[in-house]
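Worksheet: the structure to be examined is printed underneath.
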Amino acid sequence: MATVTLHGNPFETVGNLPAVGSKAPAFTLAGADLSDLTLASLAGKRVVLNIFPSIDTPTCATSVREFNAKAASLNNVAVVCISADLPFALGRFCGAEGISNVSVGSTFRSSFGADYGVAFKTGPLTKLLSRAVVVVDTDGKVLFTEQVAETGDEPNYAAALKVLG
């Protein structure tokens, strides 16, 4: 398990991110329209998984905006923004913000948090997702991971996108 902080207070996740070079775990998320969004449905694309606790926090919202802006210039890349928020909240946020270059996925009926090791195990955000980024190649191999140490901090966008180079 990983230890991350929230406002400097340490909390544990249920596991660790998949190792770079390993096969990314399969997943099924609920899209904004409640349809299934799977890793298999993104086959042939490079995939950026932007993982965060809730769209209703400033840092999480910023990460979705940033990846949306950066995704517009990327070829053969799908960015999926993932949280435990209900699909309706994710869709409402994207609609209100004019966000159209990323997909959103809710874990509300999924084991994604456990499968990727990002669900909080302890603390006030237990069962929500810790802030992380996973980049997957077209063949399903993990190219990059970042478990953000302080939940209130943004991910390293440049490092995540550099592997797509």
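The values are calculated or read from the model by the stated rules, or taken from the named source; none is laboratory data. Just so it is clear, the structure is predicted and the values come from calculations on it, not from any experiment. Every residue, glycine among them, receives a Cβ derived from its backbone with ideal geometry; neighbour counts consider all protein chains shown. Heavy atoms of the whole protein, side chains included, go into the accessibility calculation; ligands, DNA and RNA do not. Shrake-Rupley method; radii C 1.70, N 1.55, O 1.52, S 1.80 Å.
Looking at region 123-138 only, could you name the residues that are of a type outside the set (S, T, N, Q) and touching a Gly at 6+ places or on another chain (Cβ under 6 Å)? Passing the criteria: only Leu129. On the stretch given as region 134-159, residues that are under 12 Å from Ser63 (Cα atoms), touching a residue at least 60 places away in the same chain (Cβ under 8 Å) and either out of contact with any Lys or Arg (no Cβ under 7 Å at 6 or more places or on another chain) or in a strand (DSSP E or B) (or both) total 3.
Scanning region 103-140 for residues that are open to solvent by less than 70 Å² (accessible area, probe 1.4 Å) and over 26 Å from Thr5 (Cα atoms) returns Ser103, Asp137, Thr138, Gly140.
Name every residue in region 77-122 that is out of contact with any Asp or Glu (no Cβ under 8 Å at 6 or more places or on another chain) and polar (S, T, N, Q), in order of residue number. Those that are out of contact with any Asp or Glu (no Cβ under 8 Å at 6 or more places or on another chain) and polar (S, T, N, Q): Ser83, Ser100, Asn101, Ser103, Thr107, Ser110, Ser111.
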